[in-house]
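The values are calculated or read from the model by the stated rules, or taken from the named source; none is laboratory data. On a predicted model such as this, the values are computed, not experimentally measured, just so you know. Don't worry about glycine lacking a Cβ; one is built from the backbone with ideal geometry, like all the others, and counts go over all protein chains shown. Accessible surface is based on the protein model in full, side chains and every heavy atom, while ligands, DNA and RNA are left aside. Shrake-Rupley method; radii C 1.70, N 1.55, O 1.52, S 1.80 Å.
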Amino acid sequence: MSGQSEGGFTPTGTIATAADRRRVVFATVVGTTVEWYDFFIYATAVGLVFGQLFFEPLGANSALIAFATVGVSFLFRPLGAFLAGHYGDKLGRKTVLMWTLILMGAATALIGVLPTYETIGITAPILLVLLRIIQGISAGGEWGGAVLMAVEHAPRKKRGLFGASPQIGVPLGLLLASGVMALMTLIAPGDQFLSWGWRVPFLLSVVLILVGYYVRRKVEESPVFTELAARKEKAQMPIAQLFRKHLLLVIIAALVFAGNNAVGYMTTGGYIQGYATNPDGPIGFERGPVLWAVAGSAVTWLLTTLIAGWLSDRIGRRTTYILGWVMQLVGVFTLFPLVNSGEIGLLFAGLAILTIGLGFTYGPQAALYAELFPASIRFSGVSISYAIGAIAGGAFAPTIATAIVSATGSTDAVTWYLAGMTLLGLVATLLLRDRSGIPLGPDHEVEQTVSPIYGLTKA
């Protein structure tokens, strides 16, 4: 087969060197970490300050409205996924990744200088939502390109591990966002944090974007796309082909991610941070300890994500996922009893236990998705599946949890909601065949178009 071997792809068909692969892994980790830092710093600020500074004058439901803005950005992720998928399958993975990085960084930095409601009135929350929408468009395009750069450069037997490199950008972004916010609560405590301290993490994005841009410029284009371009086999209308031939697969793949994303957004969406620090709530922790606990849980999430990616190369993506769903279900049922204990150590324990299952249902996702779709429409397939899954899962999970607790006065129903989403992800996983190790190159489009859904043989 031209261009693919046990050692991976290169544009000339030779085996990629270890140095090339390390460069790709480093670039995907740095780039996705910066992207998700920008995305999560908003969600962290929603739980801590945005409700008060931008939405409180809107009435008693200001907290609910603030969390809803986290979800609004998800509604625009499909737009980012459509654009990135179309141009990523036509112009290349690398080009799209450079633009998503710039777009995300610009929006984040502008939030850092945005006047509050007290200064410019209703214009403040409107501008904040518009900038959040830009973040959503960028996030929708980022993930697909990053995972394909990693997986399509990987040796066949290490796709899970290589694919986990952009995946750890999520816990690393959460760790960085929570850590920087926690540090600012020490540097600018109390009213100073509300006055200017919260802005610093947003402005820091300018430096991080410059670093990410420099690193990504050094990476070669995905070898799969390079080979497609050389053969002039790029799909002319990749999105149209995707929905005409693979709609059911897109839906099932989206549900796999939704089961993980709804649970993960208890922290990445800022819900636990807001719930645990609410002075009128049942716990009333200070901001700093909660942020450090979330940062600590991001470390356990990172480790289990890497372990799950590595393990999926040995026991298969499907089996790894099934183990992950079981562990995630355990984490869901232990989360709120530990959070509601009123002990910061037990809150951390609840988050850490939850991240074990989250890591095992996230680490193998890059390789799983890449192996589901044919080469010519792969960017569109993975990006759009991911974006739809994000809407079905995490988009409004914090808002739903807030509404449930407001209506019932208890977190019990939130637990059952998260358990239901976990079981939904498990069912979707069981519908898919394991395609670990399937050739990814354009020579094997016929094999790749055989449906991975149980009971179907054709796409």
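Quick one: how many lysine pairs does the chain have with C-alpha atoms less than 20 Å apart and a gap of 8 or more or different chains? Give me the count, please.
Lysine pair count for the chain: 8.
Normalised by the number of residues in the stretch 44-156, what is the relative contact order in percent for Cα pairs under 8 Å and 6+ residues apart? If you can, show how the numbers build up before the last one.
On the way: 124 pairs, mean separation 42.4, N = 113.
37 percent.
Ranked from the most accessible area to the least, with a 1.4 Å probe and all protein chains present, what is the order of Tyr369, Tyr87?
Values: Tyr369 0, Tyr87 105 Å².
Largest accessible area first, the list is Tyr87, Tyr369.
Solvent-accessible area per residue for the chain at a 1.4 Å probe radius, Å²? Write out the running numbers ahead of the final one.
On the way: 16360 Å² over 459 residues.
With the other protein chains kept in place, the chain gives 36 Å² per residue.
Beyond 20 Å, what percent of the Cα pairs of the stretch 109-195 remain?
Counting pairs separated by more than 20 Å, the tail of P(r) holds 58 percent.
Compare the peptides 306-312, 253-259 by average per-residue count of other Cβ atoms within 10 angstrom and give them in order, highest first.
In decreasing order of mean packing, 306-312, 253-259 become 253-259, 306-312.
State the three equivalent ellipsoid semi-axes of the chain, derived from the C-alpha gyration tensor as the square roots of 5 times its eigenvalues, in descending order and whole Å.
They are 36, 24, 19 Å, listed largest first.
Ordered by packing density, taken as the mean number of other Cβ atoms within 10 Å over each peptide's residues, highest first, how do 113-119, 384-390, 326-332, 176-182 rank?
384-390, 176-182, 326-332, 113-119
In terms of the Cα gyration tensor, with a ≥ b ≥ c the square roots of its eigenvalues, is the stretch 34-120 rounded because a/c is under 1.5, prolate because a/b exceeds b/c, or oblate?
Since a/c reaches 1.5 and a/b is larger than b/c, the shape of the stretch 34-120 is classed as prolate.
If you roll a 1.4 Å probe over the chain with all protein chains in place, what percent of the accessible area is carbon or sulfur?
About 69 percent, which is the carbon plus sulfur part of the accessible surface.
Given 25 °C and 0.890 mPa s, compute D for the stretch 374-423 with the Stokes-Einstein relation, Rh being the Kirkwood radius over Cα pairs; round to the nearest whole µm²/s.
195 µm²/s
Just to make sure I understand: if all protein chains stay in place, what is the order of Thr32, Thr17 by accessible area at 1.4 Å, largest first?
Thr17, Thr32
Just to check I understand the Karplus step: with θ = phi - 60° and J = 6.51 cos²θ - 1.76 cosθ + 1.60, what whole-Hz values come out for the stretch 181-194, glycine and proline as x?
Coupling constants for the stretch 181-194: 5, 4, 4, 5, 5, 7, 6, 10, x, x, 5, 5, 5, 5 Hz.
Answer rounded, prolate or oblate for the stretch 246-322, using the Cα gyration tensor with square roots of eigenvalues a ≥ b ≥ c: rounded when a/c is under 1.5, else prolate when a/b is larger than b/c, else oblate. Each step should come with its number before you reach the end.
Working: a/c = 4.35, a/b = 1.81, b/c = 2.40.
Oblate, because a/c is 1.5 or more while a/b does not exceed b/c.
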